[in-house]
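Trainee: Below are the structure tokens for one structure; questions will follow.
The values are calculated or read from the model by the stated rules, or taken from the named source; none is laboratory data. If you're wondering where the values come from, they're calculated on a predicted model, not measured in any experiment. All Cβ positions, glycine included, derive from the backbone under ideal geometry; neighbour counts span all protein chains shown.
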Amino acid sequence: MKRRLLFVTLLVMMVLSFTLTPIGAQAAGKEPGSAMCMSDAKVKLKQDMRRLWVDHVGWTGSYIVSALAGLEDQKDVLARLLKNQQDIGDAIKPYYGEAAGNKLTELLREHILLAGGVTDAAKAGNQAELAKLNKEWYRNADDIAKFLSAANPNWSQKEQQDMLYAHLQLVTDQVTSRLKKDWKADILASDKNSDHMTMYADMLSEGIIKQFPDKFK
């Protein structure tokens, strides 16, 4: 009798635990996996942003190869690379408007054209021109960081600046490695740049989601 009573008591406790605990957790917003749940809109933004910035790195690398080797596809690759800057500017228009998107495109086009100048100067061994263009390249990064931080309070100017400076250094590493024909170093810099810009894309996506939560429910 005692064993039967103990069994029934344990069974009731198990049933109560099974039925009531999830309800309480759900009411508190703590159901299993809730922290990992993302809306379709969030997933799409993150995927789209990653694609744009990985393309940015990929086509930049392709242009470096073409420019340093003097390949016939250099102009076509540059045109595709510049289109990527338009695509990135267009991607923020739904949140910040036409003018802001066009401004970002303008800043990013300058970023690319300066990168091309830096590459040409490095190839020619023109140190004076290289120093001049490199200074302008970092000034442009400051302009991009300032623009983005003004648009979104979740994008601090210092964090934007740090991420962009790291990107410039990795591009420089790619150019330098190829000039030295250090192919392993070139591949390593390219991989690091892809990983870095994936993190940068996520930083931008997360900032947009925080600023416009109603668009991502």
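Each row is one residue, and each column tells you yes or no for (1) under 19 Å from Val54 (Cα atoms); (2) within 15 Å of the chain's Cα centre (by Cα).
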{"site": "His111", "(1), (2)": "yes, no"}
{"site": "Leu130", "(1), (2)": "no, no"}
{"site": "Glu136", "(1), (2)": "no, no"}
{"site": "Asn140", "(1), (2)": "no, no"}
{"site": "Phe147", "(1), (2)": "no, no"}
{"site": "Gln157", "(1), (2)": "no, no"}
{"site": "Met163", "(1), (2)": "yes, yes"}
{"site": "Met199", "(1), (2)": "yes, yes"}
{"site": "Ile209", "(1), (2)": "no, yes"}
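Trainee: Another one. Given Ser177, Ser194, which one is under 16 Å from Val54 (Cβ atoms) and either among the small types (Gly, Ala, Ser) or at pLDDT 95 or above (or both)?
Mentor: Ser194
Trainee: Find all pairs meeting these conditions: Cβ atoms under 7 angstrom apart; at least six residues apart or on different chains; first residue within the range 131-148 and modelled with pLDDT of 95 or more; second residue not in a helix (DSSP H, G or I).
Mentor: Leu148/Trp155
Trainee: Another question, if that's okay. Between residues in the range 50-66 that are within 25 Å of Lys180 (Cβ to Cβ) and in the same structural domain as Gly116 (by TED's automatic domain parsing) and residues that are of a type in the set (Lys, Arg) and surrounded by fewer than 18 Cβ atoms within 10 Å (Cβ to Cβ), which pairs lie under 9 Å by C-beta distance while being six or more apart or on different chains?
Mentor: Trp59/Arg80; Trp59/Lys83; Ser62/Arg80; Tyr63/Arg80; Ser66/Lys75
Trainee: For the range 70-85, what are the residues that are surrounded by fewer than 18 Cβ atoms within 10 Å (Cβ to Cβ) and in contact with a Phe, Trp or Tyr (Cβ under 6 Å, 6 or more places away or on another chain)?
Mentor: Listed by number, the list holds a single entry, Arg80.
Trainee: Taking the criterion of being loosely packed, with under 15 Cβ neighbours inside 10 Å, under 19 Å from Gly125 (Cα atoms) and not aromatic (Phe, Trp, Tyr), would at least one residue in the range 182-194 satisfy it?
Mentor: Yes, the range 182-194 contains at least one residue that is loosely packed, with under 15 Cβ neighbours inside 10 Å, under 19 Å from Gly125 (Cα atoms) and not aromatic (Phe, Trp, Tyr).
Trainee: Can you name the residue in the range 117-139 that is surrounded by 18 or more Cβ atoms within 10 Å (Cβ to Cβ) and small (Gly, Ala, Ser) and is also nearest to Ala166 (Cα to Cα) among such residues?
Mentor: Only one residue tops the list, namely Ala122.
Trainee: Within the range 140-170, how many residues turn out to be more than 23 Å from Leu188 (Cβ to Cβ), surrounded by 16 or more Cβ atoms within 10 Å (Cβ to Cβ) and among the aliphatic types (A, V, I, L, M)?
Mentor: The qualifying residues number 4.
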